[in-house]
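Read-outs throughout are calculated quantities, based only on the coordinates presented, and are distinct from any laboratory measurement. On a predicted model such as this, the values are computed, not experimentally measured, just so you know. When we count neighbours, we look across all protein chains shown, and the Cβ atoms used for this are built from the backbone with ideal geometry, even at glycine.
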Amino acid sequence: MNYDIKRKINKILNNRRIRAIAVAEQNLKIARSFDIYRLIEKKEAELKIKLANILVESPKVDITKINAELKKLNEIKIKFLKKIGLTLNDIEPNYVCKLCNDTGKDNCKCINKIKSEILQESLGIKLTEDSFEKAKYINKDLDNALKFMAKWCENYPNINKKTIFISGGTGVGKTFLSNCVVNSLVSNNIFVYYVTAFKLNQIFQDKYYLKNIYDDNFNTLIDCDVLIIDDLGTEQLIKNVTINYLYLILNERNINEKATIINSNLDADNMIDRYGERIFSRIFDKKQGVAFKLLGDDVRLKK
Ligand SMILES: [Zn+2]
């Protein structure tokens with residue numbers, strides 16, 4: 001990961017932390033503007049100090065009564081907060097990631113999600129709201145593929161099929177399916193990279209013409225946990241570029257047992273004609289791969 005992305009991730013985490021703390025402080029300020037609340041806090045602090053002293057100096061003393069008082073006080077506090085439209089959670093920082101409190105420490109999983117979003121944004125691809133839960137029944141092909149992929153996402157990374165090829169004409173639901181996959185994986189903090197074949201080809205060209213420059217987009221094609229390529233076959237084939245780099249990426253991912261999902265207008269026969277045997281065998285690998293063909297009616301016509 002290069003410096004620029006790290007910096008962006010830190011900035012997002014910082015902003016989240018600052019926002020969470022500021023909101024909590026603002027709410028606490030509102031609560032503390034009431035005498036009753038300040039009184040509750042004061043009483044609570046006194047009891048907690050008393051409790052601590054007992055535990056340190058005479059641990060045998062019965063503390064049931066103090067605990068009951070603290071509990072009662074807490075109930076009063078909740079009741080009061082409710083009156084002014086707040087809850088206990090509102091006066092504590094509400095971090096986006098409860099695992100690391102938005103610090104990202106120990107390489108927290110939430111960083112994957114942020115990274116996916118930053119990289120997607122850098123490609124100008126906006127993630128949709130499509131999800132398996134919202135999918136309506138259109139036809140059997142799409143339904144089967146959706147069911148398979150929903151299960152696949154649920155089980156990831158414990159999956160047998162690492163390379164998935166989905167073919168079908170325009171408007172049969174391939175992109176919808178990809179979007180569902182992206183959203184499902186991203187919400188589980190998995191590092192997903194979603195590219196259209198057009199963008200993919202652009203990344204290849206940048207790599208080819210600017211050989212020595214470290215390119216995050218290109219490296220991400222190899223490094224990401226799940227790579228999704230949309231509409232393979234619609235891009236222009238550029239000599240020495242498209243096929244060579246596509247092979248390099250698919251091969252690296254196969255070797256490292258990383259998951260790749262490709263959807264295309266082309267079927268298997270057209271794939272071998274256009275991309276050749278080497279790429280074909282990386283995609284249509286009997287052991288690691290699975291292919292779906294979506295026929296069905298045009299989804300968009302039905303909407
Ligand atoms: Zn986290």
Task: 222 nm mean residue ellipticity, helices alone, for the chain (DSSP H n ≥ 4; -39,500 (n - 2.57); rounded to 500) - done: -18500 deg cm²/dmol
- [ ] Take peptides 177-187, 92-102 and line them up by average Cβ neighbours within 10 Å, highest first, as a rough protection proxy.
- [x] 177-187, 92-102
Open item on the list: Tell me the net charge near K82. Cut-off is 12 Å between Cβ atoms, K82 excluded, with +1 for each Lys or Arg and -1 for each Asp or Glu.
Closed with: +1
Open item on the list: Run through region 247-292 and list the GluC sites (Glu not before Pro) located in a DSSP loop whose Cβ has at most 12 other Cβ atoms within 10 Å.
Closed with: E257
Open item on the list: Under a crude label model (7 Å from the Cα following the beta-carbon direction), how far is L248 from K293 in nanometres?
Closed with: 3.4
TODO: Provide the convex hull volume over Cα atoms per residue for region 3-91, in Å³.
DONE: 124
Task: Proximal lysine pairs, region 125-212, alpha carbons under 23 Å, eight or more residues apart or interchain - done: 25
Task: Rel. contact order, % - alpha carbon contacts under 8 angstrom, at least six apart, region 177-303 - done: 23
Task: Inter-site label distance for K65 and N139 at 7 Å from Cα along Cβ, in nm - done: 7.8
Open item on the list: Just to confirm my understanding: which cysteines in the chain have no other cysteine beta carbon less than 4.7 Å from their beta carbon?
Closed with: C153, C180, C224
Task: T170 versus R32: modelled label distance in nm, points set 7 Å from Cα along the beta carbon direction - done: 6.3
Open item on the list: Rg/Rh for the chain to two decimals, with Rh computed the Kirkwood way over all alpha-carbon pairs.
Closed with: 1.16
Open item on the list: Under the 0.36 nm per residue contour assumption, what length would be gained going from the current alpha-carbon distance of L210 and R278 to full extension?
Closed with: 21.9 nm
Task: Length added when fully stretched, N256-I84, from 0.36 nm per residue minus Cα-Cα - done: 56.3 nm
Task: Mean separation of Cα contacts under 8 Å (6+ apart) over length of the chain, as relative contact order % - done: 21
Open item on the list: Given an 8 Å cut-off on Cα distances and at least 6 residues of separation, report the relative contact order of region 115-199 as a percent.
Closed with: 48
Open item on the list: Please report the spacing between the Cα centers of region 1-38 and region 260-275 in Å, no decimals.
Closed with: 48
Task: Size of electric dipole in the chain: Cβ of Lys, Arg +1 and of Asp, Glu -1, about Cα centre, debye, nearest 20 - done: 1040
